[in-house]
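> Take this structure, written in structure tokens, and hold onto it; I'll ask about it next.
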Amino acid sequence: SRSTLPQPTTNLRQPLSGWPTTPNTQASSTSRSLSRLAHPHEMAERRSITGESQKKKIRIGVGHILIAAFALALATLFSTARLVRHSAVRKADFHHDLVSVQTSLGVPPPPGSHHNVEESNAIKNASGESSTNTNSFHFIVSSDCTSYQRWEVLTQLHSAGAVHQCGRFTWIVSGCLEEGSEHIGKGKGGANSDILTPALLLEEVGRHFPHLTISNHTIANGLGRSASVARGQDDDCSILHPHVHFTPDYSDMSVYGGPFADGKRKRSFLNRKGKVMYGSYHNTYKFNNKPNGLHHWAVSFLEQDDRRDEAIVLIDPDFLFLNKFEFPENAPPVLPGKPAAAKYGLGAQFLDFNLTRICDRAPTIQSMKSSSESKVCPFVSVTSKDVNNYYSAGAPYVIHIQDVLALSKRWSELVPLTYDEYPLLYAEMFAYSMAAADLDLKHQLIKGLFTGCMTPWPHTHGKGELEALETSAKAYASSIENTPEGKADSDEGASSCFLTPLTPPPFLHYCARYSFVTPYPPENKKNSESSTPNSHFFAKRRVDHDVLNCSHNDHQMEPFISTKPEKIEGGQKDW
């Protein structure tokens with residue numbers, strides 16, 4: 001209700017230009033000559049002056065007629081070809097915009113519409129921009145407007161540059177303070193961070209990436225920055241050109257109504273073990289910014305950008321590129337109606353929610369037209385098998401641009417209602433699965449796209465990989481143990497930690513707390529008083545929010561030292 005529907009593109013209301021309306025000049029002049037020659041008095045006068053025979057004149061007239069007919073045929077053929085092409089492109093534009101508006105309203109596309117959209121884009125991208133075998137990736141990260149998530153996303157962008165990742169990069173930022181009010185945001189963000197104004201955030205982004213662009217015209221004009229996206233820049237993989245899009249804050253759950261909106265009652269969830277779970281977010285659930293921010297961006301993007309051949313890769317701020325992102329060789333590309341995502345272990349827990357109550361509060365258009373008192377949403381009838389095969393999904397989500405508008409709209413509708421039933425961290429992830437089921441967007445669930453969070457460490461295969469993993473772990477631990485603090489001898493980025501032939505997955509999702517012990521490995525060190533183990537760990541909330549500002553931090557980032565033994569994550573310890 002807070003967003004506007006995408007308007008049809010302006011070329012739908014403009015007349016087609018460039019169509020030939022008359023035969024070419026040669027054919028026209030030839031026709032006029034033939035007209036004069038065909039006049040009886042003129043022909044007789046010319047014969048009397050020149051003494052030419054009638055037979056000769058008739059022969060010349062036939063030649064002219066043949067030339068004119070041939071020229072006219074060519075002109076007609078050329079005109080018809082252009083007419084067919086212009087009509088096809090106009091039909092493709094109209095069809096796509098009609099489907100976009102319909103889906104934003106919740107109207108299901110007609111049968112075969114995905115196929116039609118693919119054909120339309122094949123016409124529009126006949127120059128070779130689109131491919132049926134690969135995707136052009138557009139990476140999108142959604143964050144709040146704090147100094148905490150600012151350093152996370154800036155580090156993510158730098159890691160993308162370190163692995164030479166091609167594609168477009170958009171940063172959706174929600175909930176900034178108004179300019180001039182930064183003093184009220186001190187220490188009010190996550191991990192005691194500061195809530196920022198757009199100017200404060202962009203000042204730091206511009207210091208790292210001078211080629212940034214901004215969607216919001218009022219903000220861009222006020223800061224003297226370009227609001228346009230240059231396609232030539234995006235195609236240059238040697239320089240990152242992040243695009244920043246600001247949205248309102250959607251974390252206040254009281255504005256969505258419901259039995260908990262007044263804050264007098266606590267939301268709770270009874271799990272399968274019979275334990276009542278109470279959430280700690282209350283009426284502030286910042287993860288609601290992700291679906292709403294994505295929808296806010298999608299409406300703006302589809303109004304201003306004509307590219308319809310991209311695959312959107314939606315990731316979280318705590319993602320790092322360890323390798324170039326690409327699908328496994330046996331994985332088909334993402335197409336309209338055929339998204340993909342990482343395989344997560346969330347499973348079908350949301351089937352235990354009161355799905356009928358959720359649907360009644362946010363019915364689909366089809367449900368609203370139903371004559372029954374109880375509305376029916378497709379996600380109500382999915383099975384555990386369906387969820388495990390298609391909907392147990394998580395970031396990176398890979399969605400075709402033509403599906404983003406409808407999916408983000410339905411996702412944003414379901415998050416507040418799902419949160420009322422399940423007031424815990426993963427409410428927005430379950431709402432995503434339910435939205436995808438509602439729209440029949442069966443996901444191709446892919447393993448091996450990331451590591452570090454809600455998934456085991458990668459399996460290493462073969463003696464070479466196992467040795468490389470062990471050597472990589474020892475080398476890093478040794479550098480921490482034997483190098484003076486702040487004087488680490490490598491600044492080549494995370495990917496340099498993996499020695500050949502060890503190949504990391506595309507992403508590290510560092511949602512957890514990670515630790516190791518020096519001397520490493522501890523079981524190979526002789527016990528002695530002089531070799532007391534030291535525990536080292538990394539936790540994202542412990543990082544200085546100005547870690548990327550070298551005027552404040554003149555040494556490299558290193559793991560923190562713990563005064564007590566740290567829990568070691570399960571799985572292969574060398575990871």
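> Short version: ³J(HN,Hα) in whole Hz for each residue of segment 332-342, in order, from phi by Karplus 6.51 cos²θ - 1.76 cosθ + 1.60 (θ = phi - 60°), x for Gly and Pro, what are they?
With the stated coefficients, segment 332-342 comes to x, x, 7, 10, x, x, 9, x, 9, 6, 6 Hz.
> Using modelled backbone amide H atoms (1.01 Å from N, in-plane), which distant-in-sequence or interchain residues come within less than 5 Å of Ser136's amide H?
Correct list: Ala311.
> Near the amide H of Thr170, under 5 Å away, which other amide H atoms are found, from residues 5 or more places off or on another chain, if H is placed in the peptide plane?
Distant-sequence amide H within range of Thr170: Phe139, Ile140, Val141, His243.
> Label Asn216 and His459 with points 7 Å out from Cα along Cα→Cβ: what is the distance between them in nm?
Taking the simple label geometry, Asn216 and His459 are separated by 4.7 nm.
> A follow-up question, please. Each residue of segment 454-459 in turn: what ³J(HN,Hα) in whole Hz from Karplus with 6.51, -1.76, 1.60 and θ = phi - 60°, glycine and Pro shown as x?
Working through the residues one at a time gives 6, 7, x, 4, x, 7 Hz.
> In terms of the Cα gyration tensor, with a ≥ b ≥ c the square roots of its eigenvalues, is segment 307-446 rounded because a/c is under 1.5, prolate because a/b exceeds b/c, or oblate?
Details: a/c = 1.97, a/b = 1.61, b/c = 1.22.
In terms of gyration-tensor shape, prolate.
> Would you mind working out the accessible area per residue for segment 253-294, using a 1.4 Å probe, and quoting it in Å²?
Values: 2610 Å² over 42 residues.
In whole numbers, segment 253-294 has 62 Å² accessible per residue.
> Further question on the same structure: Does segment 402-449 classify as rounded, prolate or oblate by the C-alpha gyration tensor (a ≥ b ≥ c root eigenvalues; a/c under 1.5 gives rounded; else a/b over b/c gives prolate, otherwise oblate)?
Working: a/c = 2.36, a/b = 1.28, b/c = 1.84.
Here segment 402-449 falls in the oblate category.
> Are any of the pairs Lys338/Lys385; Lys290/Lys567; Lys264/Lys442; Lys275/Lys343; Lys186/Lys286 more than 29 Å apart by Cα-Cα distance, and if so, which?
Listed pairs above 29 Å: Lys290/Lys567; Lys264/Lys442.
> Continuing with this model, one more query. Got a sec to turn the phi values of segment 537-546 into Karplus ³J(HN,Hα) couplings, 6.51 cos²θ - 1.76 cosθ + 1.60 with θ = phi - 60°, whole Hz, x for Gly and Pro?
Those phi angles translate into 8, 10, 9, 4, 6, 8, 6, 4, 5, 9 Hz.
> Next question. Pull up all non-local amide H partners of Glu326: gap of 5 or more, or a different chain, and H-to-H distance under 5 Å with H placed in the peptide plane.
Amide H to amide H, under 5 Å and 5 or more residues apart or across chains, Glu326 pairs with nothing.
> With a ≥ b ≥ c taken as the square roots of the eigenvalues of the C-alpha gyration tensor of segment 251-294, please select rounded if a/c is under 1.5 and otherwise prolate if a/b is larger than b/c or oblate if it is not? Please list the in-between numbers first.
Numbers: a/c = 2.70, a/b = 1.50, b/c = 1.80.
In terms of gyration-tensor shape, oblate.
> Also: Using a cut-off of 9 Å between beta-carbons, work out the net charge of the residues near Tyr278 (Lys and Arg +1, Asp and Glu -1, Tyr278 not included). Write down the numbers at each step before the final one.
Details: positive: Lys266, Arg267; negative: none.
So the surrounding residues net to +2.
> Next question. Apply 1/(1 + (r/R0)^6) to the Cβ-Cβ distance of Asn549 and Ser384, taking R0 = 56 Å, and write down the FRET efficiency to the nearest 0.05.
Working: r = 49 Å, r/R0 = 0.87.
That gives a FRET efficiency of 0.70.
The values are calculated or read from the model by the stated rules, or taken from the named source; none is laboratory data. Since the model is a prediction, treat every value here as computed from it, not as a measurement. Virtual Cβ from ideal backbone geometry, glycine too; neighbours counted across all protein chains shown. Ligands, DNA and RNA are stripped out before the accessible areas are found, and what is left, the full protein with its side chains, is counted by its heavy atoms. Shrake-Rupley method; radii C 1.70, N 1.55, O 1.52, S 1.80 Å.
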